[in-house]
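Below is one structure, written out as structure tokens, with a few remarks after it.
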Amino acid sequence: MKVRKLAYSLGAEVTDLDLREPQSDAIINEIREAWLEHLVLCFPRQDLSPDELVAFTARFGKLDDDRAGSLWNLPDHPKVNIIANKPVEIGAKTIVPVIADKWHTDLSFALRPSSATWLNAKQLPPIGGDTMFASMYAAYDALSPSMQGFIGGLEGMHDVSMSPDWGRYTPEIQARRRGTHPPVVHPVVRTHPESGRKGIFAGGFLRKLIGFTEQESRPIIDLLNTHATDYPFVYRHKWSKDDLLMWDNRCTMHNAVQDYDRTQLRLLHRATLLAEKSGRYYEAENASSAPASMS
Ligand SMILES: [Fe+2]
């Protein structure tokens with residue numbers, strides 16, 4: 001296989017592979033090393049069936065099999081989700097649209113966030129519909145030691161209801177999503193378990209910082225998200241049909257830019273690898289910060 005860098009901080013193209021075929025352990029290891037080094041990999045011209053996508057991606061670990069509560073999975077392939085900008089009918093099932101036009105890390109609102117996500121482009125608008133990725137290593141490294149020290153002591157509450165799609169969900173879907181994913185707490189700076197490097201863990205699901213009010217938290221969160229997605233840390237992927245992308249959610253954020261004709265269908269197949277359990281469920285704060293009783 002050949003690996004070619006696509007951008008300064010992250011992103012590489014991997015060619016000379018046919019992922020419909022079974023791959024040797026040596027090739028899987030090479031892909032894994034390229035993924036850890038470049039954070040986002042694009043394998044062009046990989047028109048994978050759902051079975052082929054699962055066969056390839058399961059070589060890297062345990063796949064998510066429907067924790068989202070059946071909203072997006074193919075009825076006969078629970079590990080393959082449909083990511084489409086419009087409702088898609090598959091048999092008796094209507095797949096709910098996903099519009100992720102906000103910087104985020106997949107499943108940051110879960111106790112087991114995602115380590116890897118794969119997307120295989122099946123149908124694209126004639127122009128636009130790019131996905132942007134940002135390196136949280138590069139963003140962390142560029143901070144001053146003072147800021148690194150400050151955020152190194154912070155924890156944040158991630159909440160599924162911060163999803164850019166939230167207002168488009170029915171009350172039933174909202175209740176289901178809240179039930180599946182109560183708010184969780186993760187550190188704002190995390191050490192990648194494989195590379196040992198530190199990265200910012202913020203993004204669009206981060207609602208508040210622990211020990212701070214939401215009002216106090218907002219400018220700090222906005223500062224982090226704005227800094228973390230500055231141009232030098234970003235790779236913008238222009239999709240071609242049959243591209244397979246693989247990225248590391250433990251050290252990146254991404255944003256599906258809505259710069260295309262929304263009447264056109266944009267449809268991708270997704271598989272998700274689960275990271276180790278981390279963080280904890282959020283418990284209501286403020287017992288100690290409530291105003292003292294006058295009695
Ligand atoms: Fe995403």
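Please treat every number below as a calculation from the coordinates, not as lab data. Small disclaimer: the values here were computed from a predicted structure and weren't measured. Glycine gets a Cβ as well: all are built from the backbone with ideal geometry, and neighbour counts include every protein chain shown.
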> Using the 10 angstrom Cβ neighbour count as an exposure proxy, how do ARG4, ARG250 rank, fewest first?
Replying inline: ARG4, ARG250
> Semi-axes of the equivalent ellipsoid of the stretch 46-152: what are they in whole Å, largest first, if each equals the square root of 5 times a C-alpha gyration tensor eigenvalue?
Replying inline: 31, 17, 15
> For the charge dipole of the stretch 1-142, defined by +1 on Lys and Arg C-beta atoms and -1 on Asp and Glu C-beta atoms about the Cα centroid, which residue among ILE27, GLY128, PRO44 has the Cα displaced farthest towards the positive pole?
Replying inline: GLY128
> Given a Förster distance of 35 angstrom, what is the FRET efficiency for ASP141 paired with GLU21, based on the Cβ-Cβ distance and rounded to 0.05?
Replying inline: 0.35
> Relative to a virtual label point 7 Å from the Cα of TYR260 in the Cα→beta-carbon direction, which members of the stretch 223-248 show backbone nitrogen distances below 18 Å?
Replying inline: 235-247
>> Can you report the principal axis dimensions of the stretch 2-275 using only the alpha carbons, biggest first, rounded to whole angstrom?
In response: 49, 45, 34
>> Over the stretch 2-275, what is the relative contact order in percent, taking alpha-carbon pairs closer than 8 angstrom and at least six residues apart?
In response: 35
> Can you list, bin by bin at 5 Å, the percent of alpha carbon pairs in the stretch 129-212, starting at 0?
Replying inline: 3, 13, 19, 19, 17, 14, 9, 5, 1, 0
> Relative contact order, percent, of the stretch 9-143 when contacts are C-alpha pairs under 8 Å separated by at least 6 residues?
Replying inline: 20
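Taking only complete DSSP H runs, can you tell me which helices of the chain stretch 15 Å or more along their own long axis by Cα positions and average at least -0.5 on the Kyte-Doolittle scale? Before the final figure, lay out each step's value.
Working: long enough: 25-38 (19 Å, -0.37); 214-228 (20 Å, -0.66).
Membrane-span-like by this criterion, though nothing is claimed about a membrane: 25-38.
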> When all C-alpha to C-alpha distances in the stretch 1-72 are sorted into bins of 5 Å, what percent of pairs does each bin hold, rounded to whole numbers?
Replying inline: 3, 15, 22, 25, 17, 11, 6, 1
> Along the Cα-to-Cβ line of ASP230, 7 Å from the Cα, sits a label point; which residues in the stretch 120-158 have backbone N less than 19 Å from it?
Replying inline: 133-152
> How many nm separate the modelled label positions at TYR8 and ASP101, each set 7 Å beyond the Cα in the direction of the Cβ?
Replying inline: 2.8
>> Run the simple label-point estimate for TYR281 and GLN123 please: 7 Å along Cα→C-beta, distance reported in nm.
In response: 4.0
> Among GLY156, ILE173, GLY211, whose Cα lies farthest out toward the positive end of the dipole of the stretch 156-211, if unit charges sit on the beta carbon of Lys, Arg (+1) and Asp, Glu (-1)?
Replying inline: GLY211
> Hey, what number do you get for the chain at 222 nm if only DSSP H runs of n ≥ 4 count, each worth -39500 (n - 2.57), divided across all residues, to the nearest 500?
Replying inline: -6000 deg cm²/dmol
>> Whole percent per 5 Å bin, from 0 to the bin with the longest distance: what is P(r) over all C-alpha pairs of the stretch 45-93?
In response: 5, 19, 27, 26, 16, 6, 1
> Whose amide H sits under 5 Å from the amide H of GLY279, counting only residues 5 or more places off or on another chain, with H placed in the peptide plane?
Replying inline: none
> Using the Cα atoms of the stretch 238-279 to build a convex hull, what is its mean projected area in square nanometres?
Replying inline: 4.4
